[in-house]
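Presented below is the structure to which this report refers.
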Amino acid sequence: MSRKVAIIGIGMTKFGELWNKRYRDLITEAGADAIKDAGIEGEDIQGLYIGSMSPGLFAGQEHIGALVADYSGLSGIPATRIEAACASGGLALREAYLTIKSGAMDIVVAGGVEKMTDVTTSSATIALMGAGDQE
């Protein structure tokens, strides 16, 4: 029997130069909106997949899976950082889909977050160039 998978809620922040919002504010705002849209509670969530390219370079944040789980009150569940350059958010969604399709979990949250405007153009260029072969 084939297990069905569905997206039951969505959330998104405004795009732009959001100087007054921190990296973790953006992802938790979108996540909270998705949870509300889905009509579920935090206790229902079994895992997180957070996609982001070079958050250490762009926002000074490395362990973003744990950061997002902690900041959103979901500590204690598996929280995985996904990094695949510009496809990071899409790959987070793919991993969430596969987790549910496999039967490993029933309800997971997938999201993507970037905050590239808080660094200099030179720093952003270096980080973006890291998506290619530097040698």
I'm spelling it out carefully: the read-out is semi-axes √(5λ) of the Cα gyration tensor in Å, the candidates are (1) 37, 22, 12; (2) 48, 22, 14; (3) 27, 17, 12, and one was derived from this structure. Which label?
(3)
Tally Lys/Arg at +1 and Asp/Glu at -1 over every other residue whose Cβ is under 14 Å from the Cβ of Ala34; what's the total?
-4
Using a Cα-Cα cut-off of under 17 Å, which aspartates and glutamates could be cross-linked to Lys115, ignoring same-chain neighbours fewer than 8 residues away?
Glu17, Asp25, Glu29, Glu62, Glu83
Using a Gaussian network model of the chain with C-alpha springs under 10 Å, which one of Val109, Val68, Val119 is most mobile by mean-square fluctuation?
Val119
For the stretch 10-70, which GluC sites (Glu not before Pro) pass both filters: DSSP loop (anything but H, G, I, E, B) and at most 16 other C-beta atoms within 10 Å?
Glu17, Glu41, Glu62
Would you list which lysines come within 16 Å of Lys101, measuring only between C-alpha atoms, while excluding same-chain residues fewer than 8 positions from it?
Lys4
Of the candidates Lys36, Lys101, Lys21, which one comes out as most mobile in a Gaussian network treatment of the chain with C-alpha springs shorter than 10 Å?
Lys21
Please give, to one decimal in nm, the separation of the simple spin-label points placed at Ala84 and Leu128, each 7 Å out from Cα toward the Cβ.
2.1
For Ile40 and Arg94, calculate 0.36 nm times their separation in residues minus their Cα-Cα distance, and state this gained length in nm to one decimal.
17.3 nm
Between the helical axis of 88-102 and the dominant principal axis of the chain, each derived from Cα atoms, what acute angle in degrees is found, rounded to the nearest 10?
20
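All of the numbers you see were taken from the coordinates with simple rules; none came from a lab. Quantities reported herein were computed from a predicted structural model and do not represent experimental measurements. Ideal geometry is used to build each Cβ from the backbone, glycine not excepted, and the neighbour counts take in all protein chains shown.
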